[in-house]
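The values are calculated or read from the model by the stated rules, or taken from the named source; none is laboratory data. These numbers come from a predicted model, not from an experiment. Here the Cβ positions follow ideal geometry from the backbone for every residue, glycine too, while neighbour counts run over all protein chains shown.
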Amino acid sequence: MRFEEHDTAREEDWKRIIDAVMAREGRLNGLVNNAGIAGPFPSTFETETVEQWQRMLSINVQGVFLGCKYGVPAMKQSGGGSIVNTSSLAAFLGTPALSAYGASKGAVRQFTKTVAMDCARKGYRIRCNSVHPGIIMTPMGQGILPNDKARERALRTIPIGEFGTPEDIAYGILYLISDESRFVTGTELVIDGGMNAI
């Protein structure tokens, strides 16, 4: 396993990372665009600053754009592959208390379809799908639900009756990045305990 520091909003970092993978491994078959931020909470479009808006979009959207921009040519050279972009349940819903976050995740959902259709039409053998977590107990999820009262209120909105874990999302990503999902592209995998079904 190898870890390298990478600012996903910086084009130079993407060039460096993809070039290093190709030099070391000779191919790239899978890419997960998973970096993301949320907050501050609450943040409405009336109270958010332009700087907060731009920072949110630079990480949550520009990072996905750059990953695809540099990942697709490497995958094409490698004979194909799979890209998974982490979006959110927020891509399907209005998010009045997380204005920029919701907008950024909606952009990821749409851009994923664009990449999927472009690659399919060009015969690249590259699939692209998005994963849409609901409320997951990560540090980011805990930041949006800062106290017991907020967590109890949120828990009542989840039909399955519990919060998700990072492993729940990881298994969905594993399916989409693997050859088992070879006939799946341009779609959304919602992993939310049933929230989007209400």
Give all pairs with beta carbons closer than 7 Å in which a residue from the stretch 122-147 that is among the hydroxyl-bearing types (Ser, Thr, Tyr) meets a residue that is assigned to a strand (DSSP E or B); count only pairs at least 6 apart in sequence or on separate chains. SER130/ASN85; SER130/GLU188
For the condition assigned to a loop (DSSP other than H, G, I, E, B) and either in contact with a helix residue (DSSP H, G or I) (Cβ under 7 Å, 6 or more places away or on another chain) or of a type in the set (A, V, I, L, M) (or both), what is the one hit in PHE65, PHE45? PHE45
Out of all the residues in the stretch 124-133, is one or more closer than 20 Å to GLU167 by Cβ and of a type in the set (Val, Ile, Thr)? yes
Exclusive hit being modelled with pLDDT under 95 and either within 15 Å of ASN196 (Cα to Cα) or among the acidic types (Asp, Glu) (or both), set ASP148, ASP118: ASP148
